[in-house]
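S.K.: This is the structure, below, for whatever I ask next.
Only the coordinates and a few stated rules stand behind these numbers; no lab work does. Keep in mind the model is a prediction, meaning the values are calculated, not measured. Every residue, glycine as well, gets a Cβ built from its backbone with ideal geometry; the counts of neighbours run over all protein chains shown.
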Amino acid sequence: MQQSINLGFMFWTWSLAMLDAIAKIFLVALVAGLLIRRGVLDESYIKGLSEVTVKVLLPALIFDKVLTNFHPYQDPDWWILPVLGFGIPVLFMGVAALFYLPNLRPHLNKLPLAALQNVGYLVLPIGQILYPGQFDQFALYVFLMTLGFNPALWTVGKVLISYEVGKTEIRLAEMITPPFVANVLAMILIFLHVDRYVPGLLLEPISILGQAAVPMGMFILGATLGTISIKYLPSWIDIMKLSFVKFVLTPGLIIVFLIMLGLGLKNPLLADFLVIEASAAPAANLIVIVRKYGGNSRQTAGMMLIMYLLAVVMMPLWLGVWKMLG
């Protein structure tokens with residue numbers, strides 16, 4: 001009886017903590033969305049803010065956190081996160097494809113919505129709110145996973161989400177983004193053992209710039225969602241299939257995997273991070289890709305809106321389940 005009470009306490013404590021974190025994030029996102037819908041800001045401003053965030057603020061945050069927290073010789077298994085960042089989305093796009101057999105071809109552009117999660121803009125602020133004392137390490141996990149996730153997004157994800165207009169050319173330059181360069185540069189300095197020689201006079205302003213990346217990312221996420229029209233929602237069949245893969249199969253199987261490995265005892269923060277990533281809403285960049293390269297923008301936008309609303313419930317639910325079982 002006492003054990004059941006304790007497990008229930010763990011579930012509700014962490015579920016409510018996650019719900020509180022998401023509520024704060026979505027409040028910022030709601031303000032941004034309303035500013036867009038009311039015409040106070042237009043999409044050109046958001047594009048400019050996105051450019052500054054992707055090219056300056058986020059690289060600064062990545063460089064600072066990786067340089068100060070990445071210790072590959074103390075943690076020789078660090079490479080697993082980039083592998084998971086690529087492998088998990090590709091695997092679950094394949095799982096989602098099974099739900100559309102035998103007539104798969106017309107539905108290829110739906111598969112990324114079930115598997116490519118918002119690895120940064122949504123997960124980073126959650127980590128900052130839930131784990132303030134461990135945020136540096138949490139952020140490092142995000143950036144290591146992103147090393148594998150971005151190639152998956154800009155290769156398989158890009159081709160599938162824009163499938164309606166034919167085969168999309170894959171450009172290597174699109175995967176070599178400023179955040180990717182900052183990540184790799186910091187890792188090179190560490191592997192060459194010269195990171196200690198980077199002057200504090202340089203690192204301090206980089207750190208200050210990086211601190212703006214998380215709140216700016218929250219604002220941009222809300223503004224992006226604010227441009228989505230609710231007039232063109234996807235069919236209930238598609239909502240059920242894609243949501244089942246994204247919010248039931250993916251986090252459920254990841255939790256089974258974590259329990260089998262006993263990772264909750266070995267590294268609780270890493271285990272929590274993987275559960276949060278597994279249950280996160282789809283990547284906001286999917287809308288950007290469709291707008292730039294073509295595809296079914298109405299379908300993508302409508303499904304994204306539904307998925308983000310579902311994430312408000314499913315992310316707290318799965319973190320609570322994990323803390324209860326793990």
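S.K.: Could you sort the peptides 81-93, 108-120, 257-269, 144-156 by per-residue average Cβ neighbour count (10 Å cutoff), highest mean leading?
M.R.: Listed from highest to lowest mean packing, they are 108-120, 144-156, 81-93, 257-269.
S.K.: Just list whichever of K24/K323; K47/K323; K292/K323 have alpha carbons separated by over 31 Å in the model shown.
M.R.: K47/K323; K292/K323
S.K.: From the phi angles alone, apply the Karplus equation (6.51, -1.76, 1.60; θ = phi - 60°) to segment 88-99 and give each ³J(HN,Hα) in whole Hz, x where the residue is Gly or Pro.
M.R.: Running phi through 6.51 cos²θ - 1.76 cosθ + 1.60 with θ = phi - 60° gives 5, x, 5, 4, 7, 5, x, 5, 4, 4, 4, 6 Hz.
S.K.: Right, next: Report ³J(HN,Hα) in whole Hz for each residue of segment 293-309, in order, from the Karplus equation J = 6.51 cos²θ - 1.76 cosθ + 1.60 where θ = phi - 60°; Gly and Pro get x.
M.R.: 10, x, x, 8, 5, 5, 4, 5, 5, x, 5, 4, 4, 4, 5, 5, 5
S.K.: In addition: Distance in nm between label sites at I80 and R37, each 7 Å beyond Cα in the beta-carbon direction?
M.R.: My value for the distance between the label points is 4.3 nm.
S.K.: Same structure, new question: Once amide H atoms are placed 1.01 Å from N in the peptide plane, what residues at a sequence separation of 5 or more from Q117, or on another chain, have their amide H within under 5 Å of its amide H?
M.R.: A283
S.K.: Can you show me the helix-derived [θ] at 222 nm for the chain, built from DSSP H runs with n ≥ 4 at -39,500 (n - 2.57) apiece and divided by the number of residues, rounded to the nearest 500.
M.R.: Only helices count here, giving -22000 deg cm²/dmol.
S.K.: Another one. Any idea how far apart R291 and L101 come out in nm if each label point goes 7 Å out from Cα toward Cβ?
M.R.: About 3.7 nm separates the two model spin labels.
S.K.: From Cα pairs below 8 angstrom and at least 6 apart in sequence, can you work out the relative contact order of segment 2-325, rounded to a whole percent?
M.R.: 34
S.K.: In straight Cα distance, which aspartates and glutamates are under 14 Å from K246, not counting same-chain residues fewer than 8 positions off?
M.R.: The reachable aspartates and glutamates, counting only those whose Cα sits under 14 Å from K246, are D238, E277.
S.K.: So what are the ³J(HN,Hα) numbers for segment 196-205, from phi and the Karplus equation (6.51, -1.76, 1.60; θ = phi - 60°), rounded to whole Hz, Gly and Pro as x?
M.R.: Per-residue couplings from phi come out as 5, 8, 5, x, x, 4, 8, 5, 5, x Hz.
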